[in-house]
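Report on the structure given below.
The values are calculated or read from the model by the stated rules, or taken from the named source; none is laboratory data. Since this is a predicted model, take the numbers as computed values, not measurements. Heads up, the Cβs are rebuilt from the backbone with ideal geometry, glycines too, and the neighbour counts pull from every protein chain shown.
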Amino acid sequence: MIELNNTINLKENIPNCTPHCKEFLDYISGYARPSEMTLAVVSVEDFKDADDFFARAYGKRTQYDYRKIAEDGYTFKKLTTQERNSRLEELYAINTSTDQRQGGKMNETYYEYPKPREEDTCPHHFVQIYGAFNLDGIWIGYIDMYFAGEWCCVKHILGHQKYLNACKRGSFMVNLWFCVVKDVMENHPEINYIQYHLMGVGNTGLDEWKKRVGLQEGKIVTL
Ligand SMILES: [Zn+2]
């Protein structure tokens, strides 16, 4: 069990924030500090670097799948806002590729055509999207992350159902998650916690997946 300090620093009220930041912080504060809940989290300081995370947090079977997926020619990368905005049709295709996820119905917002996103200018508060691409360069899955101070958290995570079904090794999202963790560890030294919502809220399959990719149970405590 990872213990997260309840004074987790989201860098609120800092002078160089943009007007957009307050709205952003209001929106995410519920994600960042849900008291009494068990979070699914990676504590960055527990690992020397991304390679160490891969070696110790991913199980042998998951490491094997990861390498095979990479060998099969799938690629994973961080997208700029401009790249994302120029590929909205592919994003929409991913969002509408199934009407059922994790045993529940898809949220209606996935059926609205995605809007172009404005470039975030605050270095402490922003969203960042990461993409998975198949051998033909088609965008087939994404993880969208909130960043705030020392904390980052999954906003959306989704693979195109058709391409998930076609992937011989199971979920290529395992590789995409490592792409996120690696970027955070190498390029965002401010971040201490990487969160993917909660653990143990009734979806066993999703909990299993989270554990497979190195997420652990975390509690907010007063240190
Ligand atoms: Zn800000």
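Condition check: of a type in the set (Val, Ile, Thr), at pLDDT 95 or above, surrounded by fewer than 18 Cβ atoms within 10 Å (Cβ to Cβ) and farther than 17 Å from residue 40 by Cβ. Does residue 129 satisfy that? For residue 129, the condition - of a type in the set (Val, Ile, Thr), at pLDDT 95 or above, surrounded by fewer than 18 Cβ atoms within 10 Å (Cβ to Cβ) and farther than 17 Å from residue 40 by Cβ - is not met.
Can you name the residue in segment 19-64 that is of a type in the set (A, V, I, L, M) and either in contact with a His (Cβ under 7 Å, 6 or more places away or on another chain) or without any contact (Cβ under 8 Å) to a residue 60 or more places away in the chain (or both) and, of all such residues, is farthest from the ligand (Cβ to nearest atom)?
Within segment 19-64, the match that is farthest from the ligand (Cβ to nearest atom) is 55.
How many residues are within 9 Å of the ligand (Cβ to nearest atom) and either touching a strand residue (DSSP E or B) at 6+ places or on another chain (Cβ under 6 Å) or of a type in the set (Gly, Ala, Ser) (or both) if we restrict to segment 1-18?
Final tally of qualifying residues: 0.
The residue list 200, 137 contains one member that is assigned to a loop (DSSP other than H, G, I, E, B), farther than 23 Å from residue 86 by Cα and not charged (D, E, K, R), which is 200. Here residue 157 meets each of (1) in contact with a Gly (Cβ under 6 Å, 6 or more places away or on another chain); (2) assigned to a strand (DSSP E or B) with one exception, condition (1).
The residues of segment 1-48 that are part of a helix (DSSP H, G or I) and touching a helix residue (DSSP H, G or I) at 6+ places or on another chain (Cβ under 7 Å) amount to a single one, 44. Each residue in segment 203-223 was checked for being touching a strand residue (DSSP E or B) at 6+ places or on another chain (Cβ under 9 Å), of a type in the set (Gly, Ala, Ser) and outside any strand (DSSP E or B), and 1 pass.
Evaluating residue 157 against the criteria (1) surrounded by fewer than 17 Cβ atoms within 10 Å (Cβ to Cβ); (2) free of Cβ contacts under 8 Å to residues at least 60 places away in the same chain leaves one unmet condition, (1). Might you let me know whether segment 174-183 holds any residue that is under 20 Å from residue 101 (Cβ atoms), surrounded by 18 or more Cβ atoms within 10 Å (Cβ to Cβ) and without any contact (Cβ under 8 Å) to a residue 40 or more places away in the chain? Among the residues of segment 174-183, at least one is under 20 Å from residue 101 (Cβ atoms), surrounded by 18 or more Cβ atoms within 10 Å (Cβ to Cβ) and without any contact (Cβ under 8 Å) to a residue 40 or more places away in the chain, which makes the answer yes.
Looking at 26, 46, 51, 65, can you tell me which residue is farther than 20 Å from residue 142 by Cβ, surrounded by 13 or more Cβ atoms within 10 Å (Cβ to Cβ) and charged (D, E, K, R)? None of the other options fit; the residue is 46. Flag set for residue 119, criterion: within 16 Å of the ligand (Cβ to nearest atom), among the charged types (D, E, K, R) and surrounded by fewer than 16 Cβ atoms within 10 Å (Cβ to Cβ).
Which residue, of 208, 186, is modelled with pLDDT under 95 and among the acidic types (Asp, Glu)? None of the other options fit; the residue is 208.
Filter segment 40-56 for residues that are farther than 14 Å from residue 180 by Cα and among the aliphatic types (A, V, I, L, M); which is nearest to the chain's Cα centre (by Cα)? Out of the qualifying residues, it is 40.
Among the residues making up segment 132-183, a single one is closer than 30 Å to residue 11 by Cα, at pLDDT below 95 and basic (Lys, Arg): 155.
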